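The values are calculated or read from the model by the stated rules, or taken from the named source; none is laboratory data. The model shown is predicted, which means the values in this text are computed figures rather than measured ones. Reconstructed Cβ throughout: ideal geometry from the backbone, glycine too, with neighbour counts over all protein chains shown. With ligands, DNA and RNA removed, areas are computed over all heavy atoms of the protein, side chains included. Shrake-Rupley method; radii C 1.70, N 1.55, O 1.52, S 1.80 Å.
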Amino acid sequence: MTVNTIEQIIPNPQSLIVPRRKIIGSSAVLLPFMEDHSIDWESFDAHVERTCQAGLIPAINMDTGYANLIDEATRVTVLERTEIIAGESGYATGFVSGAFVVDSPGDSFNLDAYARQIESIQSHAGVPVIFQTYGLTDQPDENIVASYHSIAKHADQFIAFELGKMFAPFGSIYSLKAYEGLIGIHQCIGAKHSSLSRELEWQRIALRNETRPDFKIFTGNDLAIDMVMYGSDYLLGLSTFCPDWFAARDQFWESGDSRFYQLNDILQYLGFFAFRDPVPAYKHSAAMFLKLRGWLKTNLTHLESASRPETDLEHLAKMLAQAEQFLNE
């Protein structure tokens, strides 16, 4: 299937629905903080283990882990601790980790910096998720694809990442022609898609289905988490609020249980509330929610991260009670 423009005619979305499919879920683990703003490693470890126990793949050093705000030493410590929990504890989930490279507008694509991040992640048994940079995205389509081919020479496996500019100024949603190029790279096992557009994601699902069915499209659309019905898997920040509930929802879909729809609606309500403007403050919403669940010592976030008003706690507590009541019926 050769695609030249992003204006491809989208098939009837209903035709893409795959009943009873096994959903692959990856959850971006929140990095929690103590009252003195040091990292709460005990709660972090527990949340990584909780994510593994739910059968989800922990995704570390992502936006939820403040990938753009932590230093390299912290990034490596996160890798080391996750490797122990996800590997030596006998879980079969494995883990993925953001490969984040810092650059500035006008910089060239920095393969060496990506290679160092990939090497660090793979040395701890993780699969790299390739964050975009100015140097990567500010190129013609053919150069972007060539850059990913260069990355593939350093990675056994990797996950690409399309990020809308509402999330990061260096982000870019690729043309379908470039996306087809990504699908054609053997080491690229999938791509996280964060445009918040159902239409663009449906286009990618249709293209994937016709060209490489084993390629994973990990939805990053926290405002449309039902994209899993259409053939997407997921790599979400929202699932860090409740990896156990996402696992239950996924199992409902696989078994054909109609409770999938109601639980998905409850989770989506939480998503709309938590991911309202300013969107980056969802990490504070996550910390609030996890503390309400008794899983964190504080609801503090990184000092440079956006925050929510304390009045959110009342609304989050009601959502927590609603979900618990449903799941306990």
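Worth pointing out:
- In region 88-99, the residues that are outside any loop (DSSP other than H, G, I, E, B) and either buried (at least 20 other Cβ atoms within 10 Å of the Cβ) or of a type in the set (Lys, Arg) (or both): Val96, Ser97, Gly98, Ala99
- Only one entry of Ala287, Ala248 meets the criterion of being open to solvent by 20 Å² or more (accessible area, probe 1.4 Å) and either polar (S, T, N, Q) or in a helix (DSSP H, G or I) (or both), and that entry is Ala248.
Conditions (1) closer than 18 Å to His193 by Cα; (2) surrounded by fewer than 17 Cβ atoms within 10 Å (Cβ to Cβ); (3) among the charged types (D, E, K, R), marked per residue:
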position	(1), (2), (3)
Thr77	no, yes, no
Val101	no, no, no
Arg116	no, yes, yes
Ser120	no, no, no
Pro128	yes, no, no
Phe131	yes, no, no
Ala155	no, no, no
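- Any chance Ile121 is under 27 Å from Met229 (Cβ atoms) and in contact (Cβ under 8 Å) with a residue 40 or more places away in the chain: no
- For region 21-42, the set of residues classified as touching a helix residue (DSSP H, G or I) at 6+ places or on another chain (Cβ under 6 Å) and either surrounded by 24 or more Cβ atoms within 10 Å (Cβ to Cβ) or not hydrophobic (A, V, I, L, M, F, W, C) (or both) consists of Lys22, Gly25, Ser27, Ala28, Val29, Leu30, Leu31, Pro32, listed by residue number.
- From the list Ala168, Ala191, the one residue that fits, being touching a helix residue (DSSP H, G or I) at 6+ places or on another chain (Cβ under 7 Å) and among the aliphatic types (A, V, I, L, M), is Ala191.
- Test: residue in region 303-310 that is among the acidic types (Asp, Glu), at pLDDT below 95, over 24 Å from Glu42 (Cα atoms) and over 21 Å from the mean Cα position of the chain (by Cα): no
- Unique match (being assigned to a helix (DSSP H, G or I) and not hydrophobic (A, V, I, L, M, F, W, C)) among Gly190, Gly135, Gly171: Gly135
- Number of the condition not met by Pro213 [criteria: (1) more than 20 Å from Gly94 (Cα to Cα); (2) within 13 Å of the chain's Cα centre (by Cα)]: (2)
- Only one of the listed residues (Ala155, Ala115, Ala146) is part of a loop (DSSP other than H, G, I, E, B), without any contact (Cβ under 8 Å) to a residue 40 or more places away in the chain and aliphatic (A, V, I, L, M). That residue is Ala155.
- Residue check, Tyr261 open to solvent by 20 Å² or more (accessible area, probe 1.4 Å), among the aromatic types (Phe, Trp, Tyr) and either modelled with pLDDT of 95 or more or on the phi > 0 side of the Ramachandran plot (or both): yes
- Within region 290-329, being part of a helix (DSSP H, G or I) and either of a type in the set (Val, Ile, Thr) or in contact with a Ser or Thr (Cβ under 6 Å, 6 or more places away or on another chain) (or both) holds for no residue.
- When region 292-320 is limited to residues that are polar (S, T, N, Q) and in contact (Cβ under 8 Å) with a residue 40 or more places away in the chain, the one that is surrounded by the fewest Cβ atoms within 10 Å (Cβ to Cβ) turns out to be Thr298.
- Answer from Ile85, Ile70 - the residue that is in contact (Cβ under 8 Å) with a residue 40 or more places away in the chain, in a helix (DSSP H, G or I) and β-branched (Val, Ile, Thr): Ile85
- Residue within region 188-208 that is of a type in the set (S, T, N, Q), over 16 Å from the mean Cα position of the chain (by Cα) and open to solvent by 10 Å² or more (accessible area, probe 1.4 Å) present: no
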